[in-house]
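First the structure, in the form of C-alpha cells, and then the observations on it.
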C-alpha cells in the first residue's frame, strides 16, 4: 500500500510537470528520479502548485496549512534548488522550474552528499539517453524550442568582410555585460557523464546562470557569484576549449548559458540525432568553405560538435587523393567553432539565407511552445490565469502578436467562448 501511495504522489507530480510545455514522460525511471529529489509528502504538495509563482500565503491556502508551515516547506525545497525563490512586490515568490532546463540540472550543479549523485546520474543517463522518450519530447515537438546557440564571437570577428552583422542578443558577452546577477556552477552534463564513466576533459565549472535564477542558486550554494570581468574570462575559456554556447531561447533576460561539448551535452547529442527537425535553434550564420584554400586536414570535422562537417573528394584530377571539407547546412548550428581551428583560414561565417527568429522573452517562448504542443488551455486554466487579470492580459498580449496561423491554433485550443470572443474583438 505504501508503494502504491508513493507512486500516486510521484504520479501526481509527473502530471503537474506535464502541464508545462517542457514536461517529463512518465516511466519507472522518472519515478525513481523524483523519489531521490522529493520526499513523498513534498511530491504531493508540489503537485498542487500552480505554474505561475506563488507566495507562502497562497501555497498555505492550497495546501490547507498554516502559512509558517508552508513557508518552511517552500524554503526547504528552495534550499535544495528544486524551487526557485525570488523577491516580488508581495514578498518572496516561489516557482517550480521545469525539469530541463531546471531542477534536473540544478541537482548536479554542485558536488553534494545529501543525495546519492552517482545513482542520480545513472538514472538520468538511463532516462534521458537510453530510454530517450524524454529527450525526444523535449527536443523534437513543435517549432519553438527551449534553447538556442550563441555565435562564437571571435569567429565572427575573423570574417573576411563586413557583411556579417550580429545583434546584441546574439552575443553571449552581451548577456554577461547586462545581467544583474551572474553565477557559475558545475556543468550538469559533464558531471553526470563523470559518474557514468563517460566525461571528457572539457572544463567542468563553467556553466552560467543569470538574473533571478542565478540569484536563487547563488544564495543556496548551487552557483558561485561572478562579476562581469570573470564572466568574460570564463567565456574566453569556453571559446578556447571549442565549447558551444547553448542558452535560453529568448532575446531578453536570458536565464542560462551552458558551454557545451559534443560528447556529453544533451543538446548537442539531440542535434546529432534529430537535426532534421531542428531540436536546437541555430544562429543566423553558416560557415563557408573556401575550396581553393581548404587543404582537407579534417580539423573542422574533428571539432564540429554535431558532425555537420565531413571530408569529401576535392575532385582534383591533378591530385586525386586531395580532400576538402563539406558542410551539411541542415544540421549545422552555426556556432563557428570550426572556423577557429582552420589552419588555412579557409572557413568563415556568412549570414544564413533565412533569418532565425528568437522569441522576445520567456512568456513569449512559453506561449509559443504551448500552442505548438497543444497544451495552451492547460497553461491558462491550470495556471488559474483567468483569476488574474494581469496573467490573462500577459498571455493574450503574446497571442495577439502572433501570426494568424498561430492565433488560430490558440483559439482552437482554448475552447472557451469568452476567450475566443476576446481574440476576435482584439484581432478585428
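The values are calculated or read from the model by the stated rules, or taken from the named source; none is laboratory data. Predicted model, so just to flag it, every value in this text is computed and none were measured. Heads up, the Cβs are rebuilt from the backbone with ideal geometry, glycines too, and the neighbour counts pull from every protein chain shown.
Could you list, in sequence order, all residues of region 87-111 that are assigned to a loop (DSSP other than H, G, I, E, B) and surrounded by 15 or more Cβ atoms within 10 Å (Cβ to Cβ)?
96, 97, 98, 107, 108, 109, 110
Please enumerate the residues belonging to region 342-366 that are under 20 Å from residue 294 (Cβ atoms) and surrounded by 15 or more Cβ atoms within 10 Å (Cβ to Cβ). Steps first, please.
Let us first name the residues in region 342-366 that are under 20 Å from residue 294 (Cβ atoms), namely 342-350.
Those that are under 20 Å from residue 294 (Cβ atoms) and surrounded by 15 or more Cβ atoms within 10 Å (Cβ to Cβ): 342, 346, 347, 348, 349, 350.
Could you pull out the residue among 270, 292, 318 that is within 28 Å of residue 188 (Cα to Cα), modelled with pLDDT under 95 and out of contact with any strand residue (DSSP E or B) (no Cβ under 6 Å at 6 or more places or on another chain)?
From the options 270, 292, 318, the qualifying one is 270.
Go through region 128-183 residue by residue and tally those that are over 14 Å from the mean Cα position of the chain (by Cα), in a helix (DSSP H, G or I) and buried (at least 18 other Cβ atoms within 10 Å of the Cβ).
The total comes to 8.
Would you mind stating whether residue 236 is crowded, with 16+ Cβ neighbours inside 10 Å, in the same structural domain as residue 191 (by TED's automatic domain parsing) and assigned to a helix (DSSP H, G or I)?
No; evaluated as a whole, the condition is false for this residue.
Please verify whether region 299-313 includes one or more residues that are out of contact with any helix residue (DSSP H, G or I) (no Cβ under 7 Å at 6 or more places or on another chain) and either over 24 Å from residue 343 (Cα atoms) or buried (at least 24 other Cβ atoms within 10 Å of the Cβ) (or both).
Applying the first criterion (out of contact with any helix residue (DSSP H, G or I) (no Cβ under 7 Å at 6 or more places or on another chain)) to region 299-313 yields 301-302, 308, 312-313.
Those still in the list that are either over 24 Å from residue 343 (Cα atoms) or buried (at least 24 other Cβ atoms within 10 Å of the Cβ) (or both) too: 308.
The answer is yes, given that some residue of region 299-313 is out of contact with any helix residue (DSSP H, G or I) (no Cβ under 7 Å at 6 or more places or on another chain) and either over 24 Å from residue 343 (Cα atoms) or buried (at least 24 other Cβ atoms within 10 Å of the Cβ) (or both).
Residue by residue through region 184-200, note down the ones that are touching a helix residue (DSSP H, G or I) at 6+ places or on another chain (Cβ under 7 Å) and closer than 11 Å to residue 266 by Cβ.
Matches in region 184-200: 188, 189, 192.
Among the listed residues 275, 262, identify the single one that is crowded, with 19+ Cβ neighbours inside 10 Å, touching a helix residue (DSSP H, G or I) at 6+ places or on another chain (Cβ under 9 Å) and free of Cβ contacts under 8 Å to residues at least 60 places away in the same chain. Let's see the steps before the verdict.
On the way: 275 fails: touching a helix residue (DSSP H, G or I) at 6+ places or on another chain (Cβ under 9 Å).
Matching residue, one of 275, 262: 262.
Any chance region 187-196 includes a residue that's in contact with a strand residue (DSSP E or B) (Cβ under 6 Å, 6 or more places away or on another chain) and more than 20 Å from residue 304 (Cα to Cα)?
No, there is no match, as no residue in region 187-196 is in contact with a strand residue (DSSP E or B) (Cβ under 6 Å, 6 or more places away or on another chain) and more than 20 Å from residue 304 (Cα to Cα).
Return only the number of the condition from (1) touching a residue at least 24 places away in the same chain (Cβ under 8 Å); (2) surrounded by fewer than 19 Cβ atoms within 10 Å (Cβ to Cβ); (3) within 20 Å of residue 217 (Cα to Cα) that residue 56 does not satisfy.
Only one criterion in (1) touching a residue at least 24 places away in the same chain (Cβ under 8 Å); (2) surrounded by fewer than 19 Cβ atoms within 10 Å (Cβ to Cβ); (3) within 20 Å of residue 217 (Cα to Cα) is unmet by residue 56, namely (2).
To keep it simple, each residue is scored yes or no on (1) crowded, with 17+ Cβ neighbours inside 10 Å; (2) in a helix (DSSP H, G or I); (3) not assigned by TED's automatic domain parsing to the domain that holds residue 192.
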{"residue": "22", "(1), (2), (3)": "yes, no, yes"}
{"residue": "48", "(1), (2), (3)": "no, no, yes"}
{"residue": "52", "(1), (2), (3)": "yes, no, yes"}
{"residue": "61", "(1), (2), (3)": "no, yes, yes"}
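If I ask for residues that are in contact (Cβ under 8 Å) with a residue 12 or more places away in the chain and over 29 Å from residue 268 (Cα atoms), which ones from region 79-135 would you list?
79, 85, 86, 88, 90, 91, 92, 93, 94, 114 - these are the residues of region 79-135 that are in contact (Cβ under 8 Å) with a residue 12 or more places away in the chain and over 29 Å from residue 268 (Cα atoms).
Within region 194-240, can you find the residues that are on the phi > 0 side of the Ramachandran plot and touching a residue at least 24 places away in the same chain (Cβ under 8 Å)?
Scanning region 194-240 gives 211, 221.
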